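Computed from the coordinates by the stated procedures, all read-outs in this text should not be read as laboratory data. These numbers come from a predicted model, not from an experiment. Positions of Cβ are backbone-derived with ideal geometry, glycine not excepted, and every protein chain shown enters the neighbour counts.
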């Protein structure tokens, strides 16, 4: 069967992360949403996304297809039902389609489909940016089981203090020494060729993905995910870093999500709790207003390729777009549009030639090319985000 992961109505609520990727490539737990679906379906997938993203994230459509909304985190139950869908059947949760089986060229009308209601109680749906850290603990637990079932961890060195050792898994090439791993509150997964340096204190649920580094003396409170090829130090609590991003020094990151190619300067701190303990409101691109989160703890949402200088301070519930460069004393405002340059003293526009130059150099350091496809995506983001910039 041919599976297509489509961007559903949640897409705009997941900006700025979906400016530069389909919904399916959001990371939560150990794996991206796409990787979860592919492992459970035992099949490859393609994407149906925004036109400007489709050169990089292509769609493969055959005569018979099943489209899936990947904002629904798959369980074995859910994936099993999707795999067994028949032609002109649709699987719904409440009033939204999770998946449906259609033929190429068919005009889809759910009134003519046999609609199956999903009735299991294991539904996790990523509807808003803050759901990424809010559901991360359950996602890590599911992925840990999926990735380690029937397998044996690499040996954990004697120098490592372990609590609930059977809930700790080291992949091949993982390097952990003189650290404390406490898996009594959730599993701890250390990916291939990842390193946990001396003096690190880790409380699960926690995932350190392949080729990433936890620096000396880091303090990690779960549920936290550090995606591939990232470096993290200091204090982190209930946060998700998609990959290729660095928070290499001291400072606090809490109840936050960072995209790819981000860098937080030394002693960067974010607030995740308002002084009056009130509910946090967060910028929403769909409504172009601040949305209620229902959360008391909510920190920083930072899109791809954004950076901040040393000693940067972020207010509770701050949203930073794509390719922003933030620096200076004081608290910048809690919505920083894409391609902003500056800080609390004021913002100007980060010109695309300079932004692309930075992206090219940063990706080169990871032996990746900033090619014309990447440039076209970021150039489009510059255009569609222009209305939010003051200059």
Between residue 12 and residue 267, what length in nm is gained on full extension when 0.36 nm per residue of separation is reduced by their alpha carbon distance? 88.6 nm
Projected-area mean, segment 1-152, by convex hull of Cα positions, square nanometres: 9.3
Sequence ranges 355-361, 197-203, 147-153, ranked by mean other-Cβ count within 10 angstrom, highest first: 197-203, 355-361, 147-153
With label points set 7 Å from each Cα along the Cα-to-Cβ direction at residue 354 and residue 311, the distance between them in nm comes to 2.1
Quick check: residue separation of residue 159 and residue 296 times 0.36 nm, minus the Cα distance between them. What number comes out in nm? 45.5 nm
Stretch residue 277-residue 383 to full length: gain in nm at 0.36 nm per residue minus the Cα-Cα span? 34.5 nm
What is the projected area of the convex hull of the Cα atoms of segment 132-338, averaged over all directions, in nm²? 10.9
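Helix-only mean residue ellipticity at 222 nm, the chain, DSSP H runs n ≥ 4 weighted -39,500 (n - 2.57), per residue, nearest 500. What is it? If you can, show how the numbers build up before the last one.
Details: 6 runs with 60 residues, N = 391.
Theoretical 222 nm ellipticity from helices: -4500 deg cm²/dmol.
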Could you work out the mean projected area of the convex hull around the alpha carbons of the chain, in square nanometres to one decimal? 19.3
List the residues of segment 302-320 whose backbone N lies under 15 Å from a point placed 7 Å from the Cα of residue 345 along the Cα-to-Cβ direction. 309-313
With r as the distance between the Cβ atoms of residue 63 and residue 114 and R0 = 25 Å, compute the FRET efficiency 1/(1 + (r/R0)^6) and round to 0.05. 0.80
Sorted peptide list for 180-186, 335-341, criterion being average Cβ within 10 angstrom, highest first: 335-341, 180-186
How many nm separate the modelled label positions at residue 42 and residue 364, each set 7 Å beyond the Cα in the direction of the Cβ? 4.6
Summarise the long-distance tail of P(r) for segment 276-324 by giving the % of C-alpha pairs beyond 14 Å. 55
